[in-house]
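Step one of this worksheet: look at the structure below.
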Amino acid sequence: MVHFGHANALRQARQLGTKLIVGVHSDEEISLHKGPPVFTMEERVKIVKGIKWVDEVVENAPYVTTIETLDKYNCDFCAHGDDITMTADGNDTYQIVKDNNRYREFKRTSGVSTTDLVGRMLLATRSHFRASRDLRSSTSEEDQTQRTRVDSFSRQDNTETSPWTGVNQFLQTNNKIVQFSSPKDPSVGDKIVYVTGAFDLFHTGHLDFLEKVHAMYDSIYIIVGLHTDQEVNRYRGGNFPIMNLHERTLSVLSCKFVSEVVIGAPYTIDMNLMSHFNVDMVVHGSTEVFPNDLGEDPYTVPKDLKKFEIKLSGSEMNTGDIISRIIANRQRFEDRNHAKEIKEKAAYEAEMKRRAEQTETQ
C-alpha cells in the first residue's frame, strides 16, 4: 500500500534532480518478492500520480532496476531509501545500479511501514493512537488485552524484528509539516473550498473525491479539515482511525489537489470557521454524515448559507474495504510480515558487517 512514508521518499528523491519518474511494480512482482499487495497496481499507480512531487509514472516497472531501464526513460540515476530492498532470492534489487554509480540514497522515514500498518489492521486495536501510558496504567480488561496484543506484535525482544519495518512510534515535527506543505495563500479569483473528514489510510476513494472537487472551479484553493483521533473514534467507533492525526496530516498534505490542511478541525462547521477561511463552498462526499455530540447536523451553517454541495467521487473504495482485504487474507499477511522481518534483519546484519570490515581496511 502507499502511505506518507512513500510520499516522503518521493519528496526527497525529487530534491535530488529536476524530474522524478516513479516505477510501480506489478502485483505479480510484489507477490513474488515481498508478499501479497494490499492495493492493486492500478490503485497504486493512481495514488502515486496524485502525489505532488511526481512528474511521471511507469507501470509494470521491473523489480530489479537495471541500467537498461534507466536508459530507456532517460534517467541519470535511481534513488531509494537507506533500507535494503531484496529479491525473493535475497539479492539487493539495486546492486546493478550501485555497481555502475547510477544510484543515489536518501533517509528512510522512520516510524511507518506497510508492515506496521498491516499489523495495526490485523490487531484491530486502537492503541496506535492512544498514549501507551494510558494502556499501561489502566486496569480494565480491554486495555490490558490491547497492551498484550501490541506487545506481541512489536516483539521488542524477538531476534527476528526488522530494524526497518518493526513497530515504532512516528514522531511528528514542525519541520516535517513544513517539508510537506506548499506555502501559499489563495490567489485573487480563487474559489476557497472546504472539505472535512478522517481521510484515514489515504486511498483512491479519497483521491478521486479530491480530484472531483478540484475540477469544480477553474481556479480553486482546497482546504482539508482533519478531525482529531478522538472525534473519528466517536463517530466511527471500533479501531478507527488506523492512522493517527499526525500521520493522516502528512498523507493529505502530499496530495497535489490539496492547498491547506486544518489539523484537528472542529467536527461542526460554524460561522467562525466559514468567515475565518473565507469559505465559498463546503463539499462533502458519499460517506455517511454522523450527528455531532449534540445530535445536530454538522453542516447546518453552510447549508443555511447555500454554500454546501455533495460531490460523488464515483469510487467504491473506502477505508473499510482496505481493512476487509487485510482481514480476508489474514494468514497470508501475517506470514508476509514475519518472513519480511526475518529477511530484512539478515540483510541489515550483513550490511553492518560489510561496513565494519570496510572501515577496518581504511
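The values are calculated or read from the model by the stated rules, or taken from the named source; none is laboratory data. None of these values were measured; they are calculated from a predicted model. For neighbour counting, all protein chains shown are included, and Cβ atoms are generated from backbone atoms with ideal geometry for every residue, glycine included. Accessible surface is based on the protein model in full, side chains and every heavy atom, while ligands, DNA and RNA are left aside. Shrake-Rupley method; radii C 1.70, N 1.55, O 1.52, S 1.80 Å.
Observations on the structure shown:
- Residues of region 42-83 that turn out to be closer than 17 Å to Phe106 by Cα, touching a Leu at 6+ places or on another chain (Cβ under 7 Å) and of a type in the set (Gly, Ala, Ser), as a count: 1
- Among the residues of region 296-336, the ones that are among the small types (Gly, Ala, Ser), open to solvent by 60 Å² or more (accessible area, probe 1.4 Å) and at pLDDT 85 or above come to 2 in all.
Residues checked against (1) surrounded by fewer than 18 Cβ atoms within 10 Å (Cβ to Cβ); (2) more than 15 Å from the chain's Cα centre (by Cα):
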| position | (1), (2) |
| --- | --- |
| Met1 | no, no |
| Gln12 | no, yes |
| Leu20 | no, yes |
| Val24 | no, yes |
| Glu28 | yes, yes |
| Leu32 | yes, yes |
| Gly35 | no, yes |
| Phe39 | no, no |
| Arg44 | no, no |
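- Residue in region 148-170 that is under 22 Å from Gln12 (Cβ atoms), at pLDDT 55 or above and more than 15 Å from the chain's Cα centre (by Cα) present: no
- Checking each residue in region 216-231 for being assigned to a helix (DSSP H, G or I) and either free of Cβ contacts under 8 Å to residues at least 60 places away in the same chain or open to solvent by less than 10 Å² (accessible area, probe 1.4 Å) (or both) picks out Gln230, Glu231.
- Here Phe199, Phe257 are screened, and the one residue that is surrounded by 15 or more Cβ atoms within 10 Å (Cβ to Cβ) and under 21 Å from Gly320 (Cβ atoms) is Phe199.
- Filter pass, Phe257 being farther than 23 Å from Gly111 by Cβ, in contact (Cβ under 8 Å) with a residue 60 or more places away in the chain and of a type outside the set (A, V, I, L, M): yes
- Residues that are over 17 Å from Phe4 (Cα atoms) and open to solvent by 10 Å² or more (accessible area, probe 1.4 Å), drawn from region 169-196: Pro183, Lys184, Asp185, Pro186, Ser187, Val188, Gly189, Asp190, Lys191, Ile192, Thr196
- Breaking point among (1) open to solvent by less than 40 Å² (accessible area, probe 1.4 Å); (2) among the basic types (Lys, Arg); (3) over 18 Å from Ile51 (Cβ atoms), for Arg234: (1)
- Selection count, region 85-119, where residues are of a type in the set (A, V, I, L, M), over 18 Å from the mean Cα position of the chain (by Cα) and buried (at least 19 other Cβ atoms within 10 Å of the Cβ): 3
- The sole residue among Val213, Val193 that is among the β-branched types (Val, Ile, Thr) and part of a helix (DSSP H, G or I) is Val213.
- Screening Tyr73, Tyr63 for residues that are open to solvent by 50 Å² or more (accessible area, probe 1.4 Å), over 16 Å from the mean Cα position of the chain (by Cα) and modelled with pLDDT of 95 or more leaves exactly one candidate, Tyr73.
- Subset of region 258-277 [touching a Gly at 6+ places or on another chain (Cβ under 7 Å) and part of a loop (DSSP other than H, G, I, E, B)]: Ala265
- Residues of region 87-116 that turn out to be at pLDDT 85 or above and within 27 Å of Glu247 (Cα to Cα), as a count: 5
- Pairs linking a residue in region 104-128 that is within 19 Å of Gln172 (Cβ to Cβ) to a residue that is part of a helix (DSSP H, G or I) and modelled with pLDDT under 75, with Cβ atoms under 6 Å and 6 or more positions apart or on different chains, are Ser127/Leu135; Ser127/Gln146; Ser127/Val150.
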